[in-house]
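Down below is the structure, laid out as structure tokens.
Nothing in this text is a laboratory measurement; each read-out follows from the coordinates by a stated rule. Nothing here was measured: the structure is a model prediction, and the numbers come from that model. We place every Cβ from the backbone using ideal geometry, glycine too, and count neighbours over all the protein chains shown.
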Amino acid sequence: MPRELPAELRAQLKQARGRKGWSQRQLGAAVGLPQPHISAIEAGGIVPRFDTVLDLVRVLEMDLLLVPRSLVPAVQSLIRAQKEPHAAEKPLYAVGEDELESSRENPDEF
């Protein structure tokens, strides 16, 4: 039996609570738990039941997802890309400035 939630999960719960601007007391009220219980979960002192984890995740507008291990790197990459909106992807069909200049100089070449 695990003795605490994984540190990464606890950190994500705490970050999600912060993004909503909620205190531990507000999060606790949303799921029916006292503030000290939320504090202990975030600190790793209490291992919550699975249904409590689901309640916490859902009120924080997140979800748990089972992903095949082989796909974990791809999912993590998607999550990182979503967190970095300034790194917008360039469509595959977009023409770069150097390609545009070259096509102006040699319009018959592909």
Scalar couplings 3J(HN,Hα) for region 58-66 by Karplus 6.51 cos²θ - 1.76 cosθ + 1.60 (θ = phi - 60°), nearest whole Hz, x for Gly and Pro, are 5, 5, 8, 6, 10, 8, 8, 9, 7
Label point distance in nm, R25-A11, each placed 7 Å from Cα along Cα→Cβ: 2.9
Hey, can you grab everything whose amide H is under 5 Å from the amide H of I46? Only 5+ residues off in sequence or another chain; H modelled, so Pro and N-termini drop out. I41
What is the distance, in nm, between label points placed 7 Å from the Cα along the Cα-to-Cβ direction at D51 and at K83? 3.2
